[in-house]
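The values are calculated or read from the model by the stated rules, or taken from the named source; none is laboratory data. Quantities reported herein were computed from a predicted structural model and do not represent experimental measurements. Here the Cβ positions follow ideal geometry from the backbone for every residue, glycine too, while neighbour counts run over all protein chains shown. Quick note on the areas: whole protein, heavy atoms, side chains included, nothing else; ligands and nucleic acids left out. Shrake-Rupley method; radii C 1.70, N 1.55, O 1.52, S 1.80 Å.
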Amino acid sequence: MAELEDEISSLCNEIHEFKIGTFENFHDAMEGEMESCCVNIVFFGMAGSGKSALINTIFQSLGYKDMNPAVTQTTGKEGTKVLDRFFLPGNPIALIDTRGYFSMDTKEEGELFRILFGIDRPGDDLTRDDKSALKAKAAGQGAHKLEKPPLADQMHVVIWVIKANDIRFEMGQYREIIKYVQDQLREEIITTLTVITFDDEVQRGPNADEKRKRLKEAAIEVTGSDRKNVFMIANSLSEKYLDPVYKKRVLELMKKALTCGERSIRMRQNKRESPKKENRHSESAASELKYPTPVEHEYEPLTDDRKCKSLSSDFKSPDLSQSKRSTETFEMELNDNEHCLACSKS
């Protein structure tokens, strides 16, 4: 128990001391972009999954026992209906609470993307009425391509919350309705962490370990999270004791969210086009500067400067003897080699 308390204390200190740049260097940031920037952590999930309660549990786990800022759901009523943002005191960390989803139809999907890319702002009413339907219809399935505000106003990491005993989840009904969202998050280089709530109820039931294993496997299929990015917790209720095991998991979740959030900012800065990026890339080609690779991310794109370094040092003409190679593949290789040769001469 003493060892567990030490681990909890260490995690708390790490999060309390967090500043932008703790885990990443932002070489491609525009001038002034990182000033007053926060890691924006957004909580998505179906209605009643425990998103707001999880935010309150995070505050309590970090020692803010008198703070329960998020409005939680009461029996027979829906909880959050306004886009809420809560800052951790003294830290550049923002927790964004959203309205629960029911069927992930066009209106709900459009709302999700508007939140994700900072188009809907904290304090906005999330009422799903005719106006909301018109917004969704105008964007269609291209909602993720809408003109976006600055990166600092967008979301940097997603925490998808699933209720362990939600019968819709257990029956696999979420898999298809969330798949499109999952694909777009991956395309935009935004990591999804998954939290399965009400683990205390799983613990009280029969064959708890076996059920946890099934729930984790199902959650990975639904949200696309890595296995190591799935957390099973029990939310703390107001003025009630939170098991230290769950407290540690909540703090590990927060540390992972900050790591993934900073990585998303850096990689999205690197991905976009900007004069600063072009200048830095031309200088790096001349000096053969090697850039740090991310600690972990399954979907990092191979940037042009890294592709050129790997090919230009061992340039060779495409092999025409492989008759099975498609014309498209050959043309891609030829274009890459010509591009890299030009880079190496510049």
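Of everything listed in (1) touching a Phe, Trp or Tyr at 6+ places or on another chain (Cβ under 6 Å); (2) at pLDDT below 75; (3) not hydroxyl-bearing (Ser, Thr, Tyr), the single unmet condition for Arg249 is (2). In the set (1) modelled with pLDDT of 65 or more; (2) assigned to a helix (DSSP H, G or I), Arg99 fails one condition alone, (2). Tell me which residues, restricted to segment 162-184, are at pLDDT 80 or above, among the polar types (S, T, N, Q) and more than 13 Å from Val202 (Cα to Cα). Passing the criteria: Gln182, Gln184. Identify, please: which residue in segment 78-95 is outside any strand (DSSP E or B) and in contact with a Ser or Thr (Cβ under 9 Å, 6 or more places away or on another chain) and is, among those, modelled with the highest pLDDT? Taking the candidates together, the pick is Pro92.
Residues are listed down the side, and each one gets a yes or a no for (1) among the polar types (S, T, N, Q); (2) without any contact (Cβ under 8 Å) to a residue 40 or more places away in the chain; (3) in a loop (DSSP other than H, G, I, E, B); (4) closer than 21 Å to Leu83 by Cα:
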{"position": "Pro149", "(1), (2), (3), (4)": "no, yes, yes, yes"}
{"position": "Ala152", "(1), (2), (3), (4)": "no, no, no, yes"}
{"position": "Met155", "(1), (2), (3), (4)": "no, no, yes, yes"}
{"position": "Val161", "(1), (2), (3), (4)": "no, no, no, yes"}
{"position": "Asn165", "(1), (2), (3), (4)": "yes, yes, yes, no"}
{"position": "Gly172", "(1), (2), (3), (4)": "no, no, yes, no"}
{"position": "Ile177", "(1), (2), (3), (4)": "no, no, no, no"}
{"position": "Tyr180", "(1), (2), (3), (4)": "no, no, no, no"}
{"position": "Ile196", "(1), (2), (3), (4)": "no, yes, no, no"}
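There is no residue in segment 129-149 that is over 19 Å from Glu188 (Cβ atoms), open to solvent by 60 Å² or more (accessible area, probe 1.4 Å) and either modelled with pLDDT of 90 or more or among the β-branched types (Val, Ile, Thr) (or both). Within segment 154-206, the set of residues being open to solvent by 10 Å² or more (accessible area, probe 1.4 Å), among the polar types (S, T, N, Q) and touching a helix residue (DSSP H, G or I) at 6+ places or on another chain (Cβ under 8 Å) comprises Gln154, Asn165, Gln182, Gln184, Thr191, Thr192. Contact annotation: residue pairs with Cβ atoms under 8 Å, 6 or more positions apart or on different chains, pairing a residue in segment 99-122 that is farther than 24 Å from Ser264 by Cα and without any contact (Cβ under 8 Å) to a residue 60 or more places away in the chain with a partner that is among the small types (Gly, Ala, Ser) and assigned to a loop (DSSP other than H, G, I, E, B), are Gly100/Ala47; Gly100/Gly48; Gly100/Ser49; Gly100/Gly79; Tyr101/Ala47; Phe102/Ala47.
One line per residue, one yes/no per condition, for (1) among the charged types (D, E, K, R); (2) modelled with pLDDT of 95 or more; (3) surrounded by fewer than 14 Cβ atoms within 10 Å (Cβ to Cβ); (4) under 30 Å from Asn165 (Cα atoms):
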| residue | (1), (2), (3), (4) |
| --- | --- |
| Leu11 | no, yes, no, yes |
| Met30 | no, no, no, no |
| Ser36 | no, no, yes, no |
| Ser52 | no, no, no, yes |
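Yes or no, residue by residue, for (1) within 16 Å of the chain's Cα centre (by Cα); (2) farther than 16 Å from Val195 by Cα; (3) surrounded by 12 or more Cβ atoms within 10 Å (Cβ to Cβ); (4) modelled with pLDDT under 95:
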| position | (1), (2), (3), (4) |
| --- | --- |
| Thr259 | yes, yes, yes, no |
| Glu273 | no, yes, no, yes |
| Arg280 | no, yes, yes, yes |
| Ala285 | no, yes, yes, yes |
| Glu288 | no, yes, no, yes |
| Tyr291 | no, yes, yes, yes |
